[in-house]
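Trainee: Pasting in a structure now, in structure tokens, and then I'll have a few things to ask.
The values are calculated or read from the model by the stated rules, or taken from the named source; none is laboratory data. These figures come from a predicted structure and were not determined experimentally. Neighbour counts are summed over all protein chains in view; Cβ atoms, including those assigned to glycine, are modelled from backbone coordinates with ideal geometry. When the accessible area is computed, the model is the full protein with side chains, heavy atoms only, and any ligands, DNA or RNA have been set aside. Shrake-Rupley method; radii C 1.70, N 1.55, O 1.52, S 1.80 Å.
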Amino acid sequence: MTELFRVLPLPAYDLLEDWFEDDLLKGALGALSVRGIFQGPRAQGTTLALLHHHVGSPTGCFGLRTVVRGGVGALAEALAAAARARGVEL
């Protein structure tokens, strides 16, 4: 837990320098750390952004996120339809 609290506020640049040697890999991961934000990889907290972008990624996939087709509302409707089909009253 201590390591997690140390790492989350770090710039992604520092984390990547600690863990990787290859500049191409660091560049690819650094790009993911700033996707959708207006900061560079040396900005504080971009490690949190990097980790956040990996939440929901399928195992073995790099940089991809699982997204529900039609949005979260479509997921709720599909679950409700499956429940109704089994006799659940909502």
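Trainee: Pull out all pairs, ordered by first then second residue, where Cβ-Cβ is under 7 Å, the residues are six or more apart or on different chains, the first lies in segment 71-90 and is open to solvent by less than 70 Å² (accessible area, probe 1.4 Å), and the second is polar (S, T, N, Q).
Mentor: none
Trainee: Please list, ordered by first then second residue, the pairs with beta carbon atoms under 7 Å, 6 or more apart or interchain, first in segment 1-20 and closer than 17 Å to Pro41 by Cα, second assigned to a helix (DSSP H, G or I) and open to solvent by 80 Å² or more (accessible area, probe 1.4 Å).
Mentor: Listed by first residue and then by second, the contacts come to Leu8/Leu48.
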